[in-house]
Amino acid sequence: MHVGVIAVQGDVSEHAAAIRRVADARGVDTEITKIREAGLVDDCDVLLMPGGESTTISRLLADEGIDEEINAHVESGKPILATCAGLIVAARDPQDERVQSLDMLDITVDRNAFGRQRDSFEAPLDIAGLDEPFPAVFIRAPLVESVGEDVAVLADWEDSPVAVRQGPVVATSFHPELTEDSRLHELALFDGHPAAAETPEANQ
Ligand code: GLN
């Protein structure tokens, strides 16, 4: 399985470590590519778009021409997990013209809404598809103000969606890479993916 981690800016290595943990636990032969330039996305089975600073990430994606490649990846039905600033960049309406949105997730967000209230906090979240609560770390998190009818809400916090899915796109307003718990990476990128079937060697 070939995983691309968008690495123009943000917390890339923690996500790569989380993906590696899932791959090792499932015995899936996995290659991780950090993507900073155009021409690499097409080879990836799944993508991850980390948190960081959404205006910077979206500008760099456009400058490098990676934005169109991510859109093509999603249009062909391949999974992507977008976290925090990644969710903002994915949103149809980030309500900030400095964010050059990829418009692949029908949500409206307030970029720094949680941040203005509380800079960062951790909360146990019930997430659809996971048996036990997930320790979600929020850092200057975006608030999802509204979701379109094709968007499934996977988790709420204080009556606001904080994890959503629309087709191959899963997005969280928190940082699933900041704990040792990799279930969200597994849910979004590995579960049900043909390339994530166990390699024959792992069964021996
Ligand atoms: N609110 C930040 C932004 O607008 C995102 C914060 C984060 O990714 N931790 O980019």
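The values are calculated or read from the model by the stated rules, or taken from the named source; none is laboratory data. Predicted model, so just to flag it, every value in this text is computed and none were measured. FYI the Cβ positions are ideal-geometry reconstructions off the backbone, even for glycines, and counts take in every protein chain you see.
On the basis of being modelled with pLDDT of 95 or more and within 15 Å of the ligand (Cβ to nearest atom), does V153 make the cut?
Here the answer is no, as V153 does not meet what is asked.
Within region 143-174, count every residue that is over 12 Å from L125 (Cβ atoms) and not in a strand (DSSP E or B).
Adding up the residues that qualify gives 7.
Within region 115-137, does at least one residue satisfy the condition of being surrounded by 20 or more Cβ atoms within 10 Å (Cβ to Cβ), part of a strand (DSSP E or B) and within 10 Å of the ligand (Cβ to nearest atom)?
No: zero hits.
Return the residues of region 25-57 that are out of contact with any Asp or Glu (no Cβ under 6 Å at 6 or more places or on another chain), part of a loop (DSSP other than H, G, I, E, B) and of a type in the set (D, E, K, R); say none if nothing qualifies.
Within region 25-57, D29, R36, D45, E53 qualify.
Checking G10 against (1) more than 26 Å from R140 (Cα to Cα); (2) part of a loop (DSSP other than H, G, I, E, B), which test does it fail?
If we test G10 against (1) more than 26 Å from R140 (Cα to Cα); (2) part of a loop (DSSP other than H, G, I, E, B), just (1) comes out false.
What pairs come up if the first residue lies in region 12-38 and is farther than 16 Å from M49 by Cβ, the second is of a type in the set (V, I, T) and assigned to a loop (DSSP other than H, G, I, E, B), and their beta carbons are under 9 Å apart, counting only those six or more places apart or on different chains?
Short answer, once both residue conditions are applied: R20/T30; V22/V28; V22/T30; A23/T30; D24/T30; G27/T199; V28/T199; D29/T199.
Say we look at region 76-94 and pick out the residues that are assigned to a loop (DSSP other than H, G, I, E, B) and touching a residue at least 40 places away in the same chain (Cβ under 8 Å); which of these is nearest to the ligand (Cβ to nearest atom)?
That would be C84.
Of the residues H175, H185, which is modelled with pLDDT of 95 or more and within 13 Å of the ligand (Cβ to nearest atom)?
Result of the check over H175, H185: H175.
Hey, any hits in region 52-63 for a residue that's over 20 Å from P161 (Cα atoms), more than 16 Å from the ligand (Cβ to nearest atom) and not polar (S, T, N, Q)?
Yes, some residue in region 52-63 is over 20 Å from P161 (Cα atoms), more than 16 Å from the ligand (Cβ to nearest atom) and not polar (S, T, N, Q).
Assuming R111 fulfils every condition listed in (1) buried (at least 22 other Cβ atoms within 10 Å of the Cβ); (2) in contact with a Phe, Trp or Tyr (Cβ under 6 Å, 6 or more places away or on another chain) apart from one, which condition is it?
Failed condition: (2).
Does A72 fit the bill of being among the small types (G, A, S) and not in a strand (DSSP E or B)?
yes
Does region 117-137 hold any residues that are aromatic (F, W, Y) and at pLDDT below 95, and which are they?
The answer is F121, and nothing else.
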